[in-house]
Amino acid sequence: MMMDTPDELLKFFIYIAPSFIERWNSDDNYNIEDNGDFTFCGVCNEFAHFFIDQSQFRHSPATMKIEPDWQENINVGKMVELFDFIEHSLTHSNSLLANSLKSCFLEDIAQTAAGEYARSFMGKNSLNFFSQWHRDIRY
């Protein structure tokens, strides 16, 4: 699946996690410009924070002391789709999308319980990049 625009990436993330639309449209989303424009990196960054805040990580010792707005969990089938897409995109997409997935998603979920959980879904390229930023965290 190729993503040529940030809007296509946003739609894909909403497909993976339908409740992400609420977070994206919230007043707390600083990744949308005043004119409504947004970038690949902005979509990845906001989705990373949504991903980290899945309710299954609520009691992790790696969770910050600040209580986030917990989000619904992404089911295993969608996790597989998400990380298959990321793996494919790192080697078969435009560099702007690949770089955004690396620096604004994979890097952002590193050092979190969500990132530790996600490792088992990552492909070789994703895991190699992610491992540069992540240390083992038991959730």
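The values are calculated or read from the model by the stated rules, or taken from the named source; none is laboratory data. What you see is a predicted model, and the numbers here were worked out from it, not measured in a lab. Here Cβ is always computed from backbone atoms with ideal geometry, including for glycine, and neighbour counts include all displayed protein chains.
Can you name the residue in the range 113-134 that is hydrophobic (A, V, I, L, M, F, W, C) and in contact (Cβ under 8 Å) with a residue 24 or more places away in the chain and, of all such residues, is surrounded by the fewest Cβ atoms within 10 Å (Cβ to Cβ)?
Filtering first and then ranking leaves 133.
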- Message: Against the condition modelled with pLDDT of 95 or more and surrounded by 12 or more Cβ atoms within 10 Å (Cβ to Cβ), how does residue 73 come out, does it pass?
- Response: no
- Kindly indicate the residue of the range 81-105 that is within 15 Å of residue 45 (Cβ to Cβ) and hydroxyl-bearing (Ser, Thr, Tyr) and also surrounded by the most Cβ atoms within 10 Å (Cβ to Cβ) among those meeting that condition. 100
- Message: I'm trying to understand the selection: among the residues of the range 20-43, which are in a loop (DSSP other than H, G, I, E, B), surrounded by 13 or more Cβ atoms within 10 Å (Cβ to Cβ) and either modelled with pLDDT under 95 or among the basic types (Lys, Arg) (or both)?
- Response: 29
- Message: Pairs please, first residue from the range 1-26 and under 15 Å from residue 93 (Cβ atoms), second anywhere and in a loop (DSSP other than H, G, I, E, B) and not β-branched (Val, Ile, Thr), Cβ atoms under 6 Å, 6+ apart in sequence or on different chains.
- Response: 6/38; 9/3
